[in-house]
Amino acid sequence: MVMDVNINKSSITAGTFSFGIMNSIEHWPNERVMGYDAIIIDAVDPEFIRKKVFKLRGHHNQDIFLKPIFLLKSSGKLDPVLNELIDGVLFSLEQIDLIVGRVQEIFLKSNDILAIKSTSFEAEIINKVINFMTSRDKKKLAPIPYIHSGIGYFIPEISVNFGINDEHNVLRIMQIAEDEGLFTSTFSERVYLCTNCNGGYLNYREVCPKCSSSHANTEDMIHHFTCAYVGPISDFQNTIDDDLNCPKCNKTLRHIGVDYDKPSVLHTCQNCNHRYQDYHVKAKCLSCHFENPVENLISKEIRNYVITRKGISVAYNGFISTSKDFDEIPGTVKYDVFKIMLRYEIERLRQNDYTSNIGFVHISNAGEIYSRIGVDRQKSLISEMIEILRQNLRSADFISFYDASTLVLSMNEIPNKIANKILNEIANLTTVLLKRNFKSIDIEIKTNAVSLETQISHELQLQNLMKSVDRTPTNNNPENPPKSID
Ligand SMILES: [Zn+2]
Ligand SMILES: [Zn+2]
Ligand SMILES: [Zn+2]
C-alpha cells in the first residue's frame, strides 16, 4: 500500500489520519489531543510514558479516552499494564503506514458506541470500561500484579480511572457490573487490605503483645535435663568462652539432646522489656500508617472478568444507571418488590370485581437531562419527581424504577380512564418541574396506563407495557394535554 506520509516535528499524517507526536518537552492540553485522530508518544522515560497513557485513558471525555495511542520507542521491555492500554508500538516514524489499519479499525468500532452520561459514578465507570473494550474488541479483563497499584493488582482498563488511594473501588464496581449481568468472573488471587484506608501496601511483622513494638531480641530457651532449669540461653553464657553453664546447678552443658534441649524461643521487647513466647502479627499500612491486627484485614478476591452479551450491548445502548442507584429513593419500591406486589394484585383481582392498572412515566430524553447536572442534583430532582407522583397517587399505589428513564406504577381499584387522566396530570406537573430546572431543553414525557389482566402473567404484562413505551406519543403540551384513551 502506498500512502501519503507527511512528517513535521509535532505531527504526522498518513492516509486520512493525523497523528499528534507527544514528547516530554511540549505541553499537550486536552484540546490539542482532540485535534488529532491518534497520538504517538515519543519518549524513553517509562515514568513519563506511564503518566501520559494513564492521563489519556483515565480521562472522562470519550473523545480522549478512546483515542488510539502508539508508543515510539527503540527498545526495552514494555510494562504489561501499558501494553493493555496502548494500541501498538512503532520503532520509527517510517513505519507509520503499518498502524493506519489499526486506527481505521478502532474508528469503525468506536463509531457505533453511544456516548451517554450516567446517573452515578459507578455506572459511568462501567460504561467507560465497556466502551473502551468494545472499541478494541476486547472480551476479557485480567488483573496484573503491579507495583504502581494501590491494592497490588491492576486491571488496566478500569484501574486507570482511579488514583492510588481510591483503587479499591475497582473491586466494588466490578462486583456491581457482575451483579448487573454485564460480566462473569473467575477467581485469580486474594489480597488483604488496610481496614483504615483500603490500601494494599502492608508491612507484616511480629510484634510485642504488650506494646506492639517490633523491636525485639530473640533467643533460644534452654532446658537443662539434669536439674530441670529452664531459661534463655543468655543465662547459660559467659564472657570468657563458648561453654554453656547452668546457672542453677553450675554444671557445664554437654550435648543438645543428651543433657539439654531447646524447647522454644524467647522474645525480649526492646521497647518495654516484656518477655514473651507468643508474638502478635500486625500489618502496618504503608499508606496511612495504621497498625492492622492481621485477623481484621479486609480480605478481597481479585478476579478475572469476561464480558457477557448484555455487557457488550451497553456500548451501543449506554448504561445510565445501576439498579442500586434508585434503591434508596423514598416513595419507591425495588423493581423485584414491585413485581411481587403486582402478582398479589392480580390474585386479588381474580376474587374481586374492580379494575386495577399498571402504567409508566417515561422521560425520553432523560440521558440529556441527567448529563446537564451532577449526581447529587440528579438524586434531588428525582426525589422531587417522586413527590409529585406520590401526591397524585393513593398510598396503596406503588412506584418503582424500571430504568433511569422509566417509572412503573401500579394504580389499583380505579377505572383505566381515570388512571390515564392521573398520569397525564403527573406528566404535566413533571414537565413544569423540569422546565423550571432546564429552560433550554425540550421535555419529552410519555405516559400510559393499561388495565391489569387476570389471565396473563404479571411478567408478560410488564414486558408488554415496556414494549409499548416506544409506540406511545409524547405528552409534551401541559396547556393542552392529549385526550385520555376511552
Ligand atoms: Zn491504611
Ligand atoms: Zn513491648
Ligand atoms: Zn542445671
Which one of GLU178, GLU189 is of a type in the set (Asp, Glu), surrounded by fewer than 22 Cβ atoms within 10 Å (Cβ to Cβ) and in a strand (DSSP E or B)?
-> GLU189
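So which of LYS300, LYS210, LYS248 ends up being in contact (Cβ under 8 Å) with a residue 60 or more places away in the chain and part of a loop (DSSP other than H, G, I, E, B)?
LYS210
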Is it the case that TYR201 is aromatic (Phe, Trp, Tyr), over 30 Å from GLY257 (Cβ atoms), away from ligand 2 (no atom under 16 Å from the Cβ) and surrounded by 13 or more Cβ atoms within 10 Å (Cβ to Cβ)?
-> yes
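Suppose we filter segment 112-142 for residues that are assigned to a helix (DSSP H, G or I) and modelled with pLDDT of 90 or more; how many remain?
Of the residues in segment 112-142, 11 are assigned to a helix (DSSP H, G or I) and modelled with pLDDT of 90 or more.
Among the helices (runs of 4 or more DSSP H) contained in segment 345-454, which hold 2 or more residues that are at positive phi and surrounded by fewer than 22 Cβ atoms within 10 Å (Cβ to Cβ)?
Filter on segment 345-454 gives an empty set.
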Cβ pairs under 7 Å, 6+ apart or interchain, first in segment 23-48 and among the small types (Gly, Ala, Ser), second in a helix (DSSP H, G or I), ordered by first then second residue, are SER24/PHE48; ALA38/VAL103; ALA43/ILE49
Taking ASP278 as the residue in question, decide whether it is loosely packed, with under 14 Cβ neighbours inside 10 Å, part of a loop (DSSP other than H, G, I, E, B) and within 16 Å of ligand 2 (Cβ to nearest atom).
-> yes
Do the conditions hold for ARG32, that is, is it surrounded by 13 or more Cβ atoms within 10 Å (Cβ to Cβ) and touching an Asp or Glu at 6+ places or on another chain (Cβ under 8 Å)?
-> no
Could you check segment 9-96 for strands (runs of 3 or more DSSP E) lying wholly inside it with 1 or more residues that are touching a Ser or Thr at 6+ places or on another chain (Cβ under 7 Å) and under 20 Å from LEU108 (Cβ atoms)?
-> 17-22
Among the numbered criteria (1) within 30 Å of PHE187 (Cβ to Cβ); (2) free of Cβ contacts under 8 Å to residues at least 40 places away in the same chain; (3) touching a helix residue (DSSP H, G or I) at 6+ places or on another chain (Cβ under 7 Å), which single criterion is violated by SER135?
-> (2)
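The values are calculated or read from the model by the stated rules, or taken from the named source; none is laboratory data. Predicted model only: the values in this text are computed from it and were never measured. Cβ: placed from backbone, ideal geometry, glycine included. Neighbour counts: every protein chain shown.
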